[in-house]
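The values are calculated or read from the model by the stated rules, or taken from the named source; none is laboratory data. Since the model is a prediction, treat every value here as computed from it, not as a measurement. So basically every Cβ, Gly included, is an ideal-geometry build from the backbone, and we count neighbours across all protein chains shown.
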Amino acid sequence: MAVRDMSVEGAATPPALAMAGTKMPMPMPGNRVLRDVSQGMIHQGNRRAARPLLTLTEVLESRYEDLSDHGETVACYCEMIARRLELPHQTVEMLRLAGCLHDVGKVAVDEEILRKPGPLTDDEWKQVKRHPEVGADLLFSANLGRLASWVLAHHERPDGRGYPFGMTSEEIPLPARILAVADAYDAMTTDRVYKAAMSHAYASRELRDRAGEQFDPAVVEGLLCELDGC
Ligand SMILES: [Fe+2]
């Protein structure tokens, strides 16, 4: 948990904040959405806000490239859903960012666990289930508090059986409910170390079957209507 200690609880000033406001060159992320957002901040003269975001992105990309790729795809689905639900432009943009960074807390999970092809033990699950809180801590320390609250709740479920708090329906912020559906659809339709990719038809059925229990029904329909062109 070195990252958590360094950025959230440690006594030392986080490197991102120490560098804030300096004219040091900023390495640009490979993740397209994060690069666009960071460049936008810099062009608007907001280098101070871009620094912590870039540091978080560096951490994400240096450790798990596939997490960054997954984030970029989730960001794309989040944008489609948010536009379909006619959310304000600023929320759509924030959701793209949240999509990219929703699993940033997994930097605190052992790599062998993330890459384990078989079922996880109880202890391993315990470690994985901490990632929303670790991610929220990291985002909060990067002055992205609004995103932090969404990332914190992206594994909550309308039926109250999610984590970390067991929130129900409307208690879960809408952007977190959007993240959950976008995340699940991408997880089902891409290859993982523990399973092969499933078809769009299969994933659609799964999302609809679990609507109301695991997923917000309106969000499910929003994504499927976008993908199927209805
Ligand atoms: Fe997650």
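Close contacts from segment 174-189, counting a first residue that is under 16 Å from Val104 (Cβ atoms) and assigned to a helix (DSSP H, G or I) and a second that is acidic (Asp, Glu) and away from the ligand (no atom under 13 Å from the Cβ), with Cβ to Cβ under 7 Å and a gap of 6+ residues or different chains, come to none at all.
Checking Glu213, Glu226, Glu170, Glu156 one by one, the residue that is among the acidic types (Asp, Glu) and free of Cβ contacts under 8 Å to residues at least 24 places away in the same chain is Glu170 and no other. Contact map, segment 51-66: first residue closer than 12 Å to Val107 by Cα and of a type in the set (Gly, Ala, Ser), second residue crowded, with 24+ Cβ neighbours inside 10 Å and modelled with pLDDT of 75 or more, Cβ cut-off under 8 Å, separation 6 or more or different chains; the map is empty.
Once segment 67-88 is narrowed to residues that are modelled with pLDDT under 95 and over 22 Å from Leu227 (Cβ atoms), the residue that is surrounded by the most Cβ atoms within 10 Å (Cβ to Cβ) is Ser68. Only residues that are within 9 Å of the chain's Cα centre (by Cα) and either assigned to a loop (DSSP other than H, G, I, E, B) or more than 15 Å from the ligand (Cβ to nearest atom) (or both) were counted across segment 97-122, and they come to 3.
Just so you know, in segment 138-169 the residues that are in a helix (DSSP H, G or I) and among the hydroxyl-bearing types (Ser, Thr, Tyr) include one that is nearest to the ligand (Cβ to nearest atom), and it is Ser149. Against the criterion of being closer than 22 Å to Val220 by Cβ and either more than 15 Å from the ligand (Cβ to nearest atom) or not in a helix (DSSP H, G or I) (or both), Arg83 qualifies.
Can you tell me which residue within segment 128-137, out of those that are part of a helix (DSSP H, G or I) and within 13 Å of the ligand (Cβ to nearest atom), is surrounded by the most Cβ atoms within 10 Å (Cβ to Cβ)?
By that ranking, first place goes to Gly135.
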